[in-house]
Amino acid sequence: MTKVKICGITNFQDASEACMLGADFLGFNFYKNSKRKVSLKMAADIISKLPPVFSPVGIFVDEEMAVIAQTAKKCNLKLVQLHGRETPEYCTELVAKLQPLGVKIIKAFRVKGEGTLGYIARFKDIADYFLLDAYVEGEPGGTGVAMNTPLPQTVEDAQPAAENAAENPQDVSQDALELQDNTSSEETETGVKPAVSGWDIAIEAKRYNKPIFLAGGLTPENVEEAIEKVLPFAVDVASGVERLRRRKDYEKVKKFITSSKAF
């Protein structure tokens, strides 16, 4: 059965309703520029009042490790989601800080093209989970942009700053070339490869044997199609179940969870 993460929780009522409707994960955004940002105090208060039947997730973007560890401890987080340009070296060090707290890591990737797979590969022995989201210039996530549209056929990486910090920058291009080799048999007689979408990249990312959270423009109307195609470990939604910014629509939440757990 597919698990469900309701992200962008900002108040107790939304959190409580999501839990009662069957959400497995609740996402609390601590990124200072997020439209769904929640304070440490508010998140800790909400989580403390909920039954321990779900896993609270803290979302961070290029945050200091000490801040993440402190937030995880005070809020009793079960997972932290890294949605910025965090390098493998950064994540390795953070893992060591979070392990004593029993906190696991979700590394998020914004899918820009096929080359994103090479970037993902560098975290396969570090992160506990992968999350794939749509790429929007200047936005780390939560945009509501769908992942099922064709991507540019490029080997560029969606995280160029992290690329520059890599010890082996050739890894990305090599992995992208391997993907091209794997798909070359699908080329048409004109020599043009079939267009791939973010969902296709999510399927390919399974090669790294990590549970996949699928995000990016999911709604109650398209989540069944997404799950049927990708078969992810979990689906992640924020704007797709909102009635207003920072407020959830409980009918949408119910429909989203019911549709997701039908698989």
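FYI, it's all coordinate maths here, none of it is from the lab. Quick caveat, the model's predicted, so the values are computed rather than measured. Reconstructed Cβ throughout: ideal geometry from the backbone, glycine too, with neighbour counts over all protein chains shown.
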Each residue of region 106-118 in order: what ³J(HN,Hα) in whole Hz does its phi give by Karplus 6.51 cos²θ - 1.76 cosθ + 1.60, θ = phi - 60°, with x for Gly and Pro? 9, 9, 9, 10, 8, 7, 9, x, 5, x, 4, 4, x
Long-range amide H partners of Lys35, meaning residues 5 or more apart or on another chain whose placed amide H is closer than 5 Å, are none
Packing-ranked peptide list from 81-87, 39-45, 4-10, highest mean Cβ count within 10 angstrom first, is 4-10, 81-87, 39-45
So how much slack lies between Leu231 and Ala96, counting 0.36 nm per residue of separation and subtracting their Cα-Cα distance, in nm? 45.5 nm
Mind checking the full-extension length gain between Glu17 and Leu244? Use 0.36 nm per residue of separation minus the Cα-Cα distance, one decimal, nm. 80.1 nm
From phi via Karplus (6.51, -1.76, 1.60), per-residue ³J(HN,Hα) for region 226-237 in Hz, x at Gly/Pro: 4, 5, 4, 7, 8, 6, x, 5, 8, 10, 10, 9
Can you flag which of Lys41/Lys254; Lys3/Lys107; Lys35/Lys78; Lys73/Lys254; Lys104/Lys210; Lys78/Lys255 are past 19 Å Cα-Cα? Lys41/Lys254; Lys35/Lys78; Lys73/Lys254; Lys78/Lys255
Apply the Karplus curve 6.51 cos²θ - 1.76 cosθ + 1.60, θ = phi - 60°, to the phi angles in region 9-17 and return the couplings in whole Hz, x for Gly and Pro. 6, 10, 8, 5, 4, 4, 5, 4, 4
Amide H neighbours of Lys248 under 5 Å, counting only residues 5+ apart in sequence or on other chains, H built in-plane at 1.01 Å? Arg243
